[in-house]
Amino acid sequence: MDTTNSSRRTFLKTSALAGLSASLAATGGCAATKPSGSAPTKSRLAPPRPLGQKPVHDLTTKPLEKVRVAVIGLGRGMTHVQDSLNIEFAEVIAVCDKRDNRATNAANACEKKTGKRPAVYSGNETIWEQMVEREDIDVVYIATPWEWHVPMCLRAMERGKHAFVEVSAAVTLDECWQLVNTSERTQRHCVMLENCCYGENELFVLNMARQGVFGELTHAECAYLHELRGVLFSLGSEGDWRREYHKTHDGNLYPTHGLGPVAQYLGVGRGDQFKFLVSMSSPEKSLTKVLNEKKPNGGRHAGEKYTCGDMNTSIIKTELGRTIMIQHDVVTPRPYSRINGLNGTDASFFDYPARLAIAAPKQYGLSAGNSHEWLNENDMAVMREKFTHPLWKKLQDRSKGQGHGGMDFVMNWRHLDCIRQGVTPDSVVYDAAGWSSILELSTRSVANGSAPVVIPDFTRGLWKTMKPLGIA
Ligand SMILES: NC(=O)c1ccc[n+]([C@@H]2O[C@H](COP(=O)([O-])OP(=O)(O)OC[C@H]3O[C@@H](n4cnc5c(N)ncnc54)[C@H](O)[C@@H]3O)[C@@H](O)[C@H]2O)c1
């Protein structure tokens, strides 16, 4: 355990530094060294597309009768196994975890449900390489710790599979570009499993945004505010690896749950694009307090030093001039929230709890007199009746009781259905890279006195002609 942890720590430090230098090279070093307060003048940063690569924003593939899946990492990955077992056009071909018991349990669950036992790959950290060599797999789900996401995605795509990767897809900017380049070169999808894009409220807001309820969109707010102090010190699960990032990075360590949905509302990567961000962190206090006062796991973590501020706040400016506030805090005692807020000229929505204010309520037959108050329960019910997303309506019964209020199932059904039909999934590698890039970019801004940092355009200009995500 100690050897593994220390090799991981070395890996994290090396990869953080390697990523930083690679991204500085990609930007000519200009973004991080700009004086604090001056907005970057270079609007886009994207190395030219290497020869032999083609864009994947509209990539279509051969339709399939059954989508044959394999899953690596069977903690969170068990959700993807279970969902696949419940989707009539999916089949679990193989399961993989370095831990034998997790792989065996997953195979048992498959056999119990379908009578067919998937192939099992377990026992060491590289056994997944054998699994992705198989010819009978269409999609490889990757639900391992973050350091494994990119090597596993790259190998899966190189071997002709679509990669479905957990959040965040990548830790460094350099890794984000590796995902983009490999997806374009292999013409395989790299889809980030951002389940929060498929929550009932997120789909409701997306539908309203597309149907013009908000008028012109101007600003969004989002976050990952989730008290994980217990999880961060857990043994045998996320605590084994996730706390390490609190020692090596000071920024937004987990941006995509909040950012994915609001990026889709605003059409980021499709008609608009992230331009630059500024970021600042509060002091680090809470993890150190737990460490010193609770001495978790019998005091075995004594002496650990954390650098990640308890609360990180970043503000992103987009090419169309819109703004996004995004926060990260996994250590402060508080109820869960992703904020999930959207403002436009005609309406505002904020979540936790869901609230909507509308400039012209009469237009929708509502009882509200004006927009100075949130809609009451009855008016909200009217809006839900009108604007609940068709995908949610279609799948809500089947998704009841499934992971994260049903959104995991809706996400898995939708992504696998796109692969079955051969159509482009709702989010492609440019979204995975753009949303994940905030991790490194926020740390760079924090490290430079909150200086503006240019956000690379992973679409290399395609965003200008792409249309915002439609109603699925
Ligand atoms: N979308 C969500 O709501 C959500 C929720 C939880 C976790 N996650 C993400 O899922 C991923 C996994 O998180 P988790 O909570 O399951 O962590 P975990 O530590 O509980 O599980 C990770 C699993 O991967 C296995 N593993 C590690 N390295 C491996 C390797 N080289 N080969 C094969 N197996 C390997 C481990 O044995 C373990 O079973 C992370 O990226 C996390 O951010 C997403």
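The values are calculated or read from the model by the stated rules, or taken from the named source; none is laboratory data. All values reported here derive from a predicted model rather than from experimental measurement. Because the Cβ atoms are built from the backbone with ideal geometry, glycine has one as well, and the counts that use them run over all protein chains shown.
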Being under 27 Å from ASN124 (Cα atoms) and either near the ligand (Cβ under 10 Å from one of its atoms) or basic (Lys, Arg) (or both) is the filter here, so list the residues in the stretch 61-70 that pass it. ARG68
So which residues in the stretch 217-253 are assigned to a loop (DSSP other than H, G, I, E, B), within 11 Å of the ligand (Cβ to nearest atom) and surrounded by 21 or more Cβ atoms within 10 Å (Cβ to Cβ)? LEU253
Among (1) more than 20 Å from the chain's Cα centre (by Cα); (2) more than 23 Å from ASN181 (Cα to Cα), there is one condition PRO55 misses while meeting the rest; what is its number? (2)
Looking only at the stretch 451-465, count every residue that is crowded, with 19+ Cβ neighbours inside 10 Å and assigned to a loop (DSSP other than H, G, I, E, B) and tell me the total. 7
When residues of the stretch 82-104 are limited to those that are touching a residue at least 40 places away in the same chain (Cβ under 8 Å) and under 17 Å from ASP136 (Cα atoms), the one farthest from the ligand (Cβ to nearest atom): PHE89
From the list VAL140, VAL120, VAL191, pick out the single residue that is within 16 Å of the ligand (Cβ to nearest atom), surrounded by fewer than 24 Cβ atoms within 10 Å (Cβ to Cβ), modelled with pLDDT of 95 or more and in a strand (DSSP E or B). VAL120
Just one of VAL429, VAL454, VAL410 is more than 22 Å from GLY77 (Cβ to Cβ) and aliphatic (A, V, I, L, M); which is it? VAL454
Can you find a residue in the stretch 269-277 that is in contact (Cβ under 8 Å) with a residue 40 or more places away in the chain and over 16 Å from ASP457 (Cβ atoms)? no
Kindly check whether there is at least one residue in the stretch 349-363 that is surrounded by fewer than 16 Cβ atoms within 10 Å (Cβ to Cβ), among the basic types (Lys, Arg) and closer than 20 Å to LEU203 by Cβ. yes
